[in-house]
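Shown next, in structure tokens, is the structure this report addresses.
The values are calculated or read from the model by the stated rules, or taken from the named source; none is laboratory data. It should be emphasised that the depicted structure is a prediction, and the values quoted were computed from it without experimental measurement. Here the Cβ positions follow ideal geometry from the backbone for every residue, glycine too, while neighbour counts run over all protein chains shown. Surface areas here come from the heavy atoms of the whole protein model, side chains and all, with no ligands, DNA or RNA. Shrake-Rupley method; radii C 1.70, N 1.55, O 1.52, S 1.80 Å.
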Amino acid sequence: MDRLELLEVVGNSYVVSGKYGIGVYFDKSSKTAVCIDSGPNASVIEKVCARISEKGYHVLAVVHTHGHAVNHGGNPYLKKRFPNLHIYATHLASYIIENPLLEPFVFDVGAATNEKLDQNKESVRAHVTDYLPSTDGIFHIHTIPFKIVSLPGHSPGMVGIITPDHVLYCGDALFGPKTLNKQDLLFFNDLKAARRSFKKLSMMKLNAYVLYHGGPYKTVTGLINKHLTIMRDTSDFLEALIHEQPSTLEQLVQKVMKRFEFEDDLHRYGLTTSIIRSYLKELHHEKKIVAKVDNGILVFHKSTIT
Ligand SMILES: [Zn+2]
């Protein structure tokens with residue numbers, strides 16, 4: 001893997017180069033660093049820690065935007081290297097961090113179990129030590145004031161974190177162009193909440209925004225519009241399929257996976273099912289489709305209301 005660098009976003013707020021936009025805030029007076037999310041595994045965060053050490057800092061805490069495995073996989077390593085590490089997450093996110101099987105889209109139970117075994121091998125329990133408020137407000141780590149912004153839609157209890165430099169680390173509230181181009185089905189579990197979060201983001205005046213999959217941005221208005229267009233297209237596509245022919249969730253998942261040429265693997269299937277379910281819920285709520293159970297099978301039909 002390429003060498004990871006710490007890139008200055010604004011002032012003391014940094015982001016790690018490469019695939020995962022792990023944030024690092026440096027507190028000059030105490031020579032401590034606060035990580036925002038910890039990457040998918042030990043090897044990534046180990047490289048981040050090497051850069052932090054080179055600057056003469058040690059890691060005091062890791063703050064999680066949400067509970068997905070790629071955001072907290074570096075915790076056992078961090079905890080081992082910094083035994084007094086504080087691990088912050090919202091209550092909702094902490095349930096998912098500590099119990100990966102609770103993730104609503106985890107279908108490949110085998111993979112989740114193996115991950116648990118690996119953590120046990122390291123014999124370090126990296127559980128959440130401190131809870132973040134799930135509503136907007138200020139919280140302090142040591143004496144550093146951070147602001148919490150709730151950004152629901154992608155994952156339960158997701159929050160953004162604003163550093164004293166007015167840089168917002170927004171987790172997966174938005175995705176960068178790479179993700180937008182390769183993946184036409186955006187990962188949002190609550191579409192209404194996601195749109196509310198977009199609106200909130202568009203009204204905020206900050207120095208920069210850091211996306212976990214996409215890196216730093218000065219403004220996010222253009223990205224937000226792209227997200228809204230993709231979401232509308234997905235919703236229209238599903239509605240058209242159902243209008244053409246009454247369909248089950250399984251049939252819709254199959255058509256979507258074919259359309260986007262997704263590989264036949266359990267994780268992708270689980271993710272696709274979870275996302276489509278959220279679109280169907282919205283279409284049903286807006287009375288654009290009807291859900292009927294027929295002989296024990298849930299079938300989505302065209303709405304008779306015009
Ligand atoms: Zn995520």
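Which net charge results for the neighbourhood of I148, defined as the other residues with beta-carbon distances under 15 angstrom from its beta-carbon, given Lys and Arg at +1 and Asp and Glu at -1? Intermediate results must be reported in sequence, preceding the final value.
Details: positive: K147, K200; negative: D37, D130, D136.
Charge balance near I148 sits at -1.
Counting only Cα atoms, the chain measures 66, 44, 35 Å along its principal axes, largest extent leading.
Our note on the geometry: Cα centres of segment 194-250 and segment 153-181, 13 Å apart.
Counting only lysines at least 8 places from K80 when in the same chain, those with an alpha carbon closer than 28 Å to its own are K19, K28, K31, K47, K55, K116, K121, K147. When you count the other C-beta atoms within 10 angstrom of each residue and take the mean per peptide, 52-62, 199-209 line up highest first as 52-62, 199-209. The P(r) of segment 148-196 has a tail past 15 Å containing 48 percent of all C-alpha pairs.
Per-atom-type breakdown for the chain gives carbon and sulfur 53% of the accessible area (1.4 Å probe, protein chains only).
Positive end of the dipole of the chain, charges at C-beta (+1 Lys, Arg; -1 Asp, Glu), about the Cα centre: which of A126, P246, F262 has its Cα farthest in that direction? Result: A126.
Once the Cα atoms are used to define both axes, helix 249-259 deviates from the longest principal axis of the chain by about 70 degrees.
Charge dipole of the chain (Cα centre as origin; +1 on each Lys and Arg Cβ, -1 on each Asp and Glu Cβ, all else neutral): 640 debye, rounded to the nearest 20.
Ranked by the mean number of other Cβ atoms within 10 Å per residue, highest first, peptides 287-298, 20-31 order as 20-31, 287-298.
Below 11 angstrom from the Cβ of G215, what's the summed charge of the other residues (Lys, Arg +1; Asp, Glu -1)?
+2
Take segment 182-245, drop everything but the C-alpha atoms, weight them equally and run the Debye formula without solvent; then report log10 I(q)/I(0) at 0.13, 0.19 Å⁻¹ to two decimals. Rounded to two decimals, the profile gives -0.43, -0.81. Comparing Cα centroids, segment 12-37 and segment 44-69 end up 7 angstrom apart.
With protein chains left intact and a 1.4 Å probe, residues in the chain average 49 Å² of accessible area per residue.
In segment 232-302, one over the average inverse separation of all distinct C-alpha pairs is 12.3 Å, which is the Kirkwood hydrodynamic radius. Highest-first packing order for the peptide set 86-92, 214-220 is 86-92, 214-220, based on the mean count of other beta carbon atoms within 10 Å. Near T65, once Lys and Arg are set to +1 and Asp and Glu to -1 for all other residues with Cβ below 12 Å from its Cβ, the sum equals -2.
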